[in-house]
Amino acid sequence: VKRDLVTLDDLSDREIESLFSLADEYLAALGDLRRPPRVTGALQLAAGRILSTLFYESSTRTRLSFEAAMLRLGGQILASADPGKTSAAKGESIADTVRVIESYADLLVLRHPAEGAARLAAEFTETPLINAGDGGHEHPTQTLCDLYTLRRANKALRGLSVLLCGDLKNGRTTHSLAYALARFGAHIIPLPGSGLGLPDHVCRRLETDYHCTPVPREEHREMLNADTPLDVVYVTPTAPHQLSLLTSTGATDDGEAERRIQLARRTLANIDVCYVTRLQRERLEGDLAPAAYPIVDKKFLSERRYKNAQVMHPLPRVDELAYDLDEDPRGVYFKQAAYGVPVRMALIAGLLRLRPEVLSAVPPPARYEVYKPSKRVRCTNPRCVTNLASEQRYSTQKFWVIDSYTIRCAYCDVERRPRARIARVEPSAAEWPAEPGEKPVEAGG
Amino acid sequence: VKRDLVTLDDLSDREIESLFSLADEYLAALGDLRRPPRVTGALQLAAGRILSTLFYESSTRTRLSFEAAMLRLGGQILASADPGKTSAAKGESIADTVRVIESYADLLVLRHPAEGAARLAAEFTETPLINAGDGGHEHPTQTLCDLYTLRRANKALRGLSVLLCGDLKNGRTTHSLAYALARFGAHIIPLPGSGLGLPDHVCRRLETDYHCTPVPREEHREMLNADTPLDVVYVTPTAPHQLSLLTSTGATDDGEAERRIQLARRTLANIDVCYVTRLQRERLEGDLAPAAYPIVDKKFLSERRYKNAQVMHPLPRVDELAYDLDEDPRGVYFKQAAYGVPVRMALIAGLLRLRPEVLSAVPPPARYEVYKPSKRVRCTNPRCVTNLASEQRYSTQKFWVIDSYTIRCAYCDVERRPRARIARVEPSAAEWPAEPGEKPVEAGG
Amino acid sequence: VKRDLVTLDDLSDREIESLFSLADEYLAALGDLRRPPRVTGALQLAAGRILSTLFYESSTRTRLSFEAAMLRLGGQILASADPGKTSAAKGESIADTVRVIESYADLLVLRHPAEGAARLAAEFTETPLINAGDGGHEHPTQTLCDLYTLRRANKALRGLSVLLCGDLKNGRTTHSLAYALARFGAHIIPLPGSGLGLPDHVCRRLETDYHCTPVPREEHREMLNADTPLDVVYVTPTAPHQLSLLTSTGATDDGEAERRIQLARRTLANIDVCYVTRLQRERLEGDLAPAAYPIVDKKFLSERRYKNAQVMHPLPRVDELAYDLDEDPRGVYFKQAAYGVPVRMALIAGLLRLRPEVLSAVPPPARYEVYKPSKRVRCTNPRCVTNLASEQRYSTQKFWVIDSYTIRCAYCDVERRPRARIARVEPSAAEWPAEPGEKPVEAGG
């Protein structure tokens, strides 16, 4: 069985911890490598192995980070910065491309504009595959680096209060990070640009999958200045995880509701991490810039609650993160970028089984049951890989059953609700909403 | 003396066989490399050697295949995916570019849109050069991989019946393969899309160079259903090769004509290989799609004659080869793609003299005498490299003398017929057809 | 302390000599590598080290030359042929980009269209950086290769007479070479295309920095045919260097003026090097080709003064250098290109401290005092990196004090003259010329 990294759910908690220990080891080795006279030789662990970067969208930074990691391990790289210009331009399907490229390399790294492309590609190859970004969906190695940065600076992720600033709507980085924070019990304080809040489907998934519940502003307003635009805080109860959805208004137990309000207050009083993101201009529909966008600079951070906040940013930054923080000890964004190499080295060593102790033979069990419709059921997300013309030539229909009335595309994670129960009996054609004009569940559901 | 691979004629039969034996060896080594725990170390044969891919046209698949082969041998690569944007944009000639790049690398791999570019480049460098496709002319390593695939699945190429489907007009792959099949005594059954048959010059060369003769439909029609569009079969008589051109109508010996008809019937009764190709949309003149184009799918292959046919395709496919064959044991196209690596490894090891037993010191003798005109004689092919503005600055005129009234450009292989005999006495200016408006021999001759 | 190569002034005379000795060693090793059977193994000096080529403009030839050098040393490469398409398109500053990329590599090679970009980048990273061309400013490794070619063919640079042909206005290669020639005591004879002479600021710097003085045509006209367009010769007096500016008209000592005229005559009588450059069409403002442009061919070189001239060209050539010189022993341009690899190998080995004897721990002392204005003073060069929008977010103001009334941008080397003395007391705002419409000093000063 081969292992992939398409979303962070492909790794168990223990595996993530093992990867981070190995990253610590590589980080030290890299430090030695740079100190003249060089005290360690080159790592030769991956000698003779080839990693292929298959980037249907340009992303120099992400691509170089993977390539640097492979080279530091002693392996080799096959770079294709722009396969979209060639085979895809000739109309080739992703399924075909990976079945060819897999004979050239031992590990594939895929960046693709379609949501769910990485999962689909992984299913068609026996070579391990890493998702380096699939449209607005996920970017799990960025999230791994973010978590690693948090872990090096903090004793634990549980209970950490993390401010997410900027474009929370279009940034896959932010979505992946939000899931990971919730998974490890951190609290999330969104501070979006106007109109750029976390999408409904992300909020819903925070609750459904991770029991991370929103506590709206009115419940904790005394903590805030009148002009603070924070109006919700997502808290993850310590333990045990609740099995029902706990929204603030739906709480059946007054004591529990009060506990969550207290948690929200504590979360706001002392921000541990301030995660800044740039406006994803290239994903804006229409060309309108948002009316307001948070700028993080020395002045912003002068409030007492930010006294010990680590400032992170996935980079590149534009104007949302001021240069006056470059010398501030709270600014850890360049360190965060540098951690990309040891973290990816650990991941590569794990997936190639060069360090077989890091990853189990099999992935963690799926969270939900799978549903493979016996007739064609289109994913309602127009940006889903299964809706690309090139991928219509073969059948790719697979959903997770979230509850009796909700399925989630196994590729792009967008949900859909037929009008009838799914469970054991499949809905009949009449019970699926009409396809043309049908809205994805986050918009219409 | 250095060796090149510009067309398959640059290799003797014995050398091709040696390359394939070495490819067998590498194929086994690659299999071991992928099996965990890895039982063989990295090959280090090409350590310290550099292969440079010089691609004036993008072709991710071909480029990666060469690069993977070099890396698997322990060598290194210099990739230039788009030199056309830089030095060529500044007006540099191919002759100059290779004389610079040769100082960076030990082996050059050239892809260029002009026909004959690879031969011209090879003449200007002392570094071995591989043609990775020169316009519509040749793509010999694709042909080597095709032959290797055939050889692994069949006892011999001699007598094999090969159906060529699709775009036989624009595909250099198909032309190169047709020559190779004829050379090794296989029989060819063209099944083109409408208007996309083998060009006249290819048919003529099949006869001239390889004595592969067409047997038209009326001679063997009883074999076919009324609606089968196959109307000619090219057969290669076993031995000895005839020295005169044997066309079906020109056969002087009734016994021989009958023998060829029997051969055509046997060829049609049992197809060994079905070689499918996509429509070369990017080389279509005008924008008209063909009225009909053969689709190979399970239904197509249900006729009894295809019972044991191996289905090959140079990939990428579009719609001409159905996904329903992916699981069919007759579909060997992904295997064919994977063979690209060991075959290219063997070729690289041969050209770099890392395995000196594979290639002789000198190339096979030329088939025809050379003719270097004492005055300027333009090749009539507008896509010939010698007609590029950048290459007009130096003299590049060289032809093969096919017969007393036919010369063939030594770069692009397009033929031309002066009005007078060539032989020893050169035709005078008046005896060459006027240059402007002059047609290539395959159209007007 | 790390070392960079941004301009040739970053290397002392002794360091350049050490680099060339090491290049000799590598040149011999490369020769052995290519001779079959290979007598030397691969160099492994840079094993485990990574060089990253960061090219904001395409330049296949330059990029491959660096990559070949690193691979020949046993190191690895991270290529980003087009970072301008990704991070820069997202608005990232150069300062940010290098602070990220430095965590991927041990050595950075930067090509950027903005003048001064390399100096700025070098200041923001602790990783050694090589300038591979920054707009029209400098291209020091090309100059190193030119000097190395001169040194291999001549006993000394001092006293050499070098004809510079072609586009002397737009070619950074020519400017860098002119400075280097002057620095090492060679004499310079400009032969520009019409309107493409050495810019004023280059001539001024030849005098200011290197005491290389022009001797105009009337002083030595008897040497020339009436139609020779050479109208000035730059001579560098042997020793000791003059501390005042010696222009021909300003010479205070008649004996010295006479000596310089004699020097100009000797320089013209016997040309040692003919350095040809192509028209930099891509940097022409407007689209007008020059009225006349020198063509160097066998006929041009038939004058007796060129009898022993080595013909050099940075390549690619277009029409300014005829193919009929390819076989002429005076044509050394392909050799010059080939020297790029051993010279860059030596430089890499030096900067990475793999051969610690080559470069001192600290760079040569600056020629002038530094001036960091306490208020914002814009560089007047619109192509200067400090005037890019992306770089305005942080402060980058640094000038050299050339004399009491002249400062020179420490990034792009363009000079500016406030109306008041600089020295210890800073000019007040009123004393700087108004910024909009202000002309760079070479045009208006």
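The values are calculated or read from the model by the stated rules, or taken from the named source; none is laboratory data. Owing to the predicted nature of the structure, the values given are computational and were not obtained by experimental measurement. Every residue, glycine among them, receives a Cβ derived from its backbone with ideal geometry; neighbour counts consider all protein chains shown. With ligands, DNA and RNA removed, areas are computed over all heavy atoms of the protein, side chains included. Shrake-Rupley method; radii C 1.70, N 1.55, O 1.52, S 1.80 Å.
Going through A:V377, A:V385, A:V358 one at a time, which residue ends up being closer than 16 Å to A:Y411 by Cβ and in contact with a Leu (Cβ under 7 Å, 6 or more places away or on another chain)?
Checking each option against the conditions leaves just A:V385.
Among the candidates B:E320, B:E391, single out the residue that is under 27 Å from B:R205 (Cβ atoms), within 14 Å of chain A (Cβ to nearest Cβ) and open to solvent by less than 20 Å² (accessible area, probe 1.4 Å).
That would be B:E320, the only listed residue that is under 27 Å from B:R205 (Cβ atoms), within 14 Å of chain A (Cβ to nearest Cβ) and open to solvent by less than 20 Å² (accessible area, probe 1.4 Å).
Any idea how many residues of segment C:256-296 are among the hydrophobic types (A, V, I, L, M, F, W, C), loosely packed, with under 14 Cβ neighbours inside 10 Å and closer than 24 Å to C:P214 by Cα?
2
For segment B:169-179, what are the residues that are in contact with a strand residue (DSSP E or B) (Cβ under 8 Å, 6 or more places away or on another chain) and surrounded by fewer than 24 Cβ atoms within 10 Å (Cβ to Cβ)?
B:K169, B:R172, listed by residue number.
Of the conditions (1) over 22 Å from A:L321 (Cα atoms); (2) within 20 Å of the chain's Cα centre (by Cα); (3) open to solvent by less than 20 Å² (accessible area, probe 1.4 Å), A:Y104 clears all except one; give me its number.
Failing condition for A:Y104: (2).
Return the pairs, sorted by first residue and then second, in which the second residue is open to solvent by less than 70 Å² (accessible area, probe 1.4 Å) and assigned to a loop (DSSP other than H, G, I, E, B), the first residue lies in segment A:372-394 and is of a type in the set (A, V, I, L, M), the beta carbons are less than 7 Å apart, and the residues are 6+ apart or on different chains.
A:V377/A:Q397; A:V377/A:W432; A:V385/A:A114; A:V385/A:G116; A:V385/A:Y411; A:V385/A:C412; A:L388/A:A114
Of all residues being among the hydrophobic types (A, V, I, L, M, F, W, C) and at pLDDT below 75 in segment C:431-445, which is least open to solvent (accessible area, probe 1.4 Å)? Just the residue, please. First the steps, then the outcome.
Filtering segment C:431-445 for residues among the hydrophobic types (A, V, I, L, M, F, W, C) gives C:432, C:434, C:441, C:443.
From what's left, at pLDDT below 75: C:434, C:441, C:443.
Values: C:A434: 67, C:V441: 7, C:A443: 78 Å².
My answer is C:V441.
Hey, can you tell me all the residues within segment A:140-151 that are under 13 Å from A:V6 (Cα atoms) and open to solvent by less than 10 Å² (accessible area, probe 1.4 Å)?
A:P140, A:T141, A:T143, A:L144
Within segment B:153-168, work out how many residues are buried (at least 21 other Cβ atoms within 10 Å of the Cβ) and touching a Gly at 6+ places or on another chain (Cβ under 7 Å).
3
Before we move on, is B:F124 buried (at least 24 other Cβ atoms within 10 Å of the Cβ) and modelled with pLDDT of 95 or more?
The answer is no for B:F124.
From the residues in segment C:355-364 that are touching a residue at least 12 places away in the same chain (Cβ under 8 Å) and either more than 12 Å from every other protein chain (Cβ to nearest Cβ) or under 15 Å from C:E17 (Cα atoms) (or both), which one is surrounded by the fewest Cβ atoms within 10 Å (Cβ to Cβ)?
Selected residue: C:V362.
Any residue in segment B:421-433 that's in a loop (DSSP other than H, G, I, E, B): show its pairings with residues that are open to solvent by 70 Å² or more (accessible area, probe 1.4 Å) and at pLDDT below 75 at Cβ separation under 9 Å, as long as the two are six or more apart or on different chains.
Hits for this filter: B:P433/B:K439.
Output the qualifying pairs, or none if there are none: Cβ atoms under 9 angstrom, residues six or more apart or on different chains, first residue in segment B:16-38 and farther than 21 Å from B:F184 by Cβ, second residue assigned to a helix (DSSP H, G or I) and at pLDDT below 90.
Note: pairs meeting the criteria are B:R38/B:D32.
Which members of segment A:302-326 meet the condition of being over 18 Å from C:A95 (Cα atoms) and over 26 Å from the mean Cα position of the chain (by Cα)?
Here is the first cut: in segment A:302-326, the ones over 18 Å from C:A95 (Cα atoms) are A:302-311.
Those that are over 18 Å from C:A95 (Cα atoms) and over 26 Å from the mean Cα position of the chain (by Cα): A:S302, A:E303, A:R304, A:R305, A:K307.
Considering only residues that are part of a strand (DSSP E or B) and open to solvent by less than 40 Å² (accessible area, probe 1.4 Å), which ones fall in segment A:394-415?
Taking segment A:394-415 and keeping what is part of a strand (DSSP E or B), we get A:399-403, A:406-409, A:415.
Passing the criteria: A:F399, A:V401, A:I402, A:T406, A:I407, A:R408, A:C409, A:E415.
Could you tell me whether any residue of segment B:339-354 is within 10 Å of chain A (Cβ to nearest Cβ), more than 19 Å from the chain's Cα centre (by Cα) and not in a loop (DSSP other than H, G, I, E, B)? Spell out how you get there, then give the answer.
To start, the set of residues in segment B:339-354 that are within 10 Å of chain A (Cβ to nearest Cβ) comprises B:339-342.
In the following step, the residues that additionally are more than 19 Å from the chain's Cα centre (by Cα) were identified as none.
Scanning segment B:339-354 turns up no residue that is within 10 Å of chain A (Cβ to nearest Cβ), more than 19 Å from the chain's Cα centre (by Cα) and not in a loop (DSSP other than H, G, I, E, B).
If you check B:S18 against the conditions, is it modelled with pLDDT of 95 or more and either loosely packed, with under 13 Cβ neighbours inside 10 Å or within 17 Å of the chain's Cα centre (by Cα) (or both)?
Spelling it out, it is not the case that B:S18 is modelled with pLDDT of 95 or more and either loosely packed, with under 13 Cβ neighbours inside 10 Å or within 17 Å of the chain's Cα centre (by Cα) (or both).
Residues being in a strand (DSSP E or B) and among the aliphatic types (A, V, I, L, M): count how many of those fall in segment C:291-332.
4
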